[in-house]
Structure formats: structure tokens, C-alpha cells
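Since the structure comes first, as C-alpha cells, the remarks are kept for the end.
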Amino acid sequence: MDCCGHEGRGSGDARFDVKKVADGVHVAVATPAYKVNSNTAIIESDDGVVIVDTHSKPSAARVIVERLSEITTAPVRYVVNTHFHWDHWHGNEVYPAAYPNAEIVTNQLTREAMVTKGLKRIQDHVRQVPREIAQLEAERAAAGAPAERARLEANVRLAASYLAEVRALKPALPTMVFERTMTLYRRDREIHLLYLGRAHTEGDVFVYLPKEKVVITGDAVIGWTPYMGDGYPEDWVATLDRLAQLDWRHMIMGHGDVAGRDWLATFRSYIHDLVDAVREQAAAGATLAEVQQRVPAKLAPTYEKPFSTYGHYRPWRQGILGNIERAYAMVS
Ligand SMILES: [Zn+2]
């Protein structure tokens, strides 16, 4: 707990580990938590700061604005959204409020997805989170072990503070979009915004810094089991192959710590092998329930351990069931 309370103004409850990735390129790695926050990439340039992704709620973005003062006095000029999921853009409103010249940038597909799906999901959250809180409270009341009670208690607090913020959200949609690529040529660096094909969503944006050999992936690559509910598992593999063709050393992912090329290879082959195994089962006439039984057993020896680095955060055994459901629907 920090000094200054957990509601309203001042430090929110989001926690970040801010570190340098290359000269003038930083990452704020979000501490895994119930009501997850995305990571933010912070890129300094001669006409201001570029921020990539804004978390699940304004108070989390405000934490980044506070932490920015430790890095630079320059204003934020561009905010890039990598995709339309709530935990990557709900904090958008903070930046134009703090920096009047800030533009919010994404590609056309992602802005459309925010309008057609993202805005509706905000209303869904307003309706659903109270039920979720009631459920957590019931679990807490029934919990025996003090550690489990404390964990559920913390989750109730996080869900309640999320609910308060999502109710008051003023969704700030992107003010600038591009079709396939957009490049910011600055005196001190080039910042490429790329569309490499469908993956975690229909419109994933990658940010690529060729000189610094850094790539920012959003949730097209993360540190734990991916969420595929809005994804295109078959296209995803080809998109990651295009990512692999770029020359880079460090990968700032949507969730989890900074990684290298070896993690991209593992992550890509997990999705590849998952699609393959599900397709084979579906072609043999297996039901979804049967596939959900067989495929985890087949893939566990290779993937359970590497996808468990973050402990019980979206455990692989649980996450893969949703992955199979999506892959099964796509190949059937
Ligand atoms: Zn996502």
C-alpha cells in the first residue's frame, strides 16, 4: 500500500516497474493483478514523448504521467493504442487532458473495433462487475485459509475501484488513424507503426524502432497464455512470422517482462501447434469437449512450464481451454 490512499486523485492502485530498454526507450511493466493493466512503452523523441497503450483505467495512466517526470520534462505528443481491448485504452482520456497537443493514434481497423465493440463492452462492464464483486465476496466469506481470504479481499477492492472508474469513463477514441503503416521520422529516431495481419485481434498495431532494434507487440505476444477470444489463431502464426522477419533484439509485450527472440519462437510455436492439434482432432470428428481433453495432454510436456513463469496468472491449463474453443470454432 502506498502512502496516499487508493481512490480519486493521487497515485492509483496500479503498480509498474519502469525500466530502460534502449537509449530514450523505456517500459513500464505492470505488476500482474486482478483487473489487469497493460504495460506501457515510453519513447522519447525530439518533439515529445510517444506512449504505447494506456491500461484499464484512467488512474493507471495517471500513475504513468506521474512517473514520466522522473524520465523527461517533455510533453506527451502521441499515444498509440495497439488494439481495442479495454486494458489497453481505457486510460486514453488522461493524456489529452494532461497534454493538450496529444494525438491518439491507431489503425483504422482498431478504431472501428473500439467504436463497434469497445464502447459496448464498457457498458457491459458497468452491468457485469457488480455481479463479479458479489461473487468474489461470497467466495471470500466461504474461504478458510487467511491467505486466500486476503487474496479475495484484495481482488474485491480492485474490482470495486475498477467499477467506480469504468462508470465515470469518458472514452477517448483515437484522433488519428492509418491504414497499413505510419512512420514518424524524427531527428533522433524513426518510429514505425505497422499492421502485420490479424493476430490477437483484427487490427493489432506493432511499433518498431529499427535503429534501437526494439519492437512493441501489444497482446500479439505476451508473457503468459494468450487470450484468443477475439483472435485469429491461424492468421496469428503468419503475422508472428512477419514479426520475426524484422530486425530487433528486445520485445516489449502487452503483458509480462521485456523478452527476446527466443520467447517469440516459443509463443509462435505454441499457437502453431495448438491450431495443428485442434485441426487434426476436428478433422477426425472429435467434439469440443474431447479436444479440450486431448490437446492439453498432448501439448503440456512442451508448453506448460514456459507458460507458467508468472505463477497462477491465467494458468496455462485453464487458458488453453479458451484457446482450444476459439481455434475449434475457427477450423470447424
Ligand atoms: Zn488484448
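The values are calculated or read from the model by the stated rules, or taken from the named source; none is laboratory data. Quick caveat: nothing in here was measured; it's all calculated off a predicted structure. A quick note on method: Cβ atoms are made from the backbone with ideal geometry, for glycine too, and the neighbour counts reach across all protein chains shown. The area values use the complete protein model at the heavy-atom level, side chains included, leaving out ligands, DNA and RNA. Shrake-Rupley method; radii C 1.70, N 1.55, O 1.52, S 1.80 Å.
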DSSP beta bridges in the chain, what fraction antiparallel, as a percent rounded to 5?
70 percent
Please calculate the 1.4 Å probe accessible area of R314, with all protein chains present, and give it to the nearest 10 Å².
80 Å²
Listed pairs K117/K298; K57/K120; K117/K213; K57/K117 exceeding 23 Å between Cα atoms
K117/K298; K117/K213
Would you mind checking which residues have amide H under 5 Å from R15's amide H? H placed 1.01 Å from N; only 5 or more apart, or other chain.
T31
Averaged per residue, the 1.4 Å probe accessible area of the chain, protein heavy atoms only, in Å², is roughly 44 Å²
Quick one: Karplus J couplings for region 23-38, per residue in order, coefficients 6.51, -1.76, 1.60, θ = phi - 60°, nearest Hz, x for Gly and Pro?
4, x, 10, 10, 10, 9, 7, 6, 5, x, 8, 4, 6, 4, 10, 6
Neighbourhood charge, 13 Å Cβ-Cβ cut-off, centred on T266 and excluding it, Lys, Arg +1 and Asp, Glu -1
0
Would you kindly give the portion of the calculated P(r) for region 257-304 that falls above 17 Å, as a percent of all Cα pairs?
39 percent
Sort region 117-246 into rounded, prolate or oblate with this rule: let a ≥ b ≥ c be the square roots of the eigenvalues of the Cα gyration tensor; rounded if a/c is under 1.5, and if a/c is not under 1.5, prolate when a/b is larger than b/c, oblate otherwise.
prolate
Taking the Cα centre of each part, how many Å lie between region 133-161 and region 251-302?
32 Å
What relative contact order, as a whole-number percentage, does region 265-331 give when Cα pairs under 8 Å and 6 or more residues apart are counted?
45 percent
A 1.4 Å probe over the protein heavy atoms gives the chain a carbon and sulfur accessible-area percentage of 51 percent
Shape call for region 86-134, from the Cα gyration tensor axes a ≥ b ≥ c (a/c under 1.5 means rounded, otherwise prolate when a/b beats b/c, else oblate), comes out oblate
Applying the Karplus parametrisation 6.51 cos²θ - 1.76 cosθ + 1.60 with θ = phi - 60° to the phi angles of region 187-195, what ³J(HN,Hα) value in whole Hz is obtained for each residue in order, glycine and proline being reported as x?
3, 9, 6, 10, 10, 9, 9, 10, 10
Distance from region 15-54 to region 166-211 (C-alpha centre basis), Å
15 Å
Keeping every protein chain in place, order K57, K20 by accessible area at 1.4 Å, biggest value first, i.e. largest first.
K20, K57
Taking every other residue with Cβ under 14 Å from the Cβ of V129 and scoring Lys and Arg +1, Asp and Glu -1, one gets +2
Of the convex hull enclosing the alpha-carbon atoms of region 265-331, the direction-averaged projected area in nm² is 4.1 nm²
Report E304's accessible area, 1.4 Å probe, all protein chains in place, as a number in Å² to the nearest 10.
60 Å²
Residue by residue through region 208-217, the couplings from Karplus 6.51 cos²θ - 1.76 cosθ + 1.60 with θ = phi - 60°, in Hz, x for Gly and Pro, are 10, 10, x, 5, 8, 6, 10, 10, 10, 9
For region 33-152, what is the relative contact order in percent, using Cα pairs closer than 8 Å and at least 6 residues apart in sequence?
20 percent
Compactness of the chain as Cα Rg over 2.2 N^0.38 Å, two decimals
0.99
Share of antiparallel DSSP beta bridges in region 146-291, in percent to the nearest 5?
80 percent
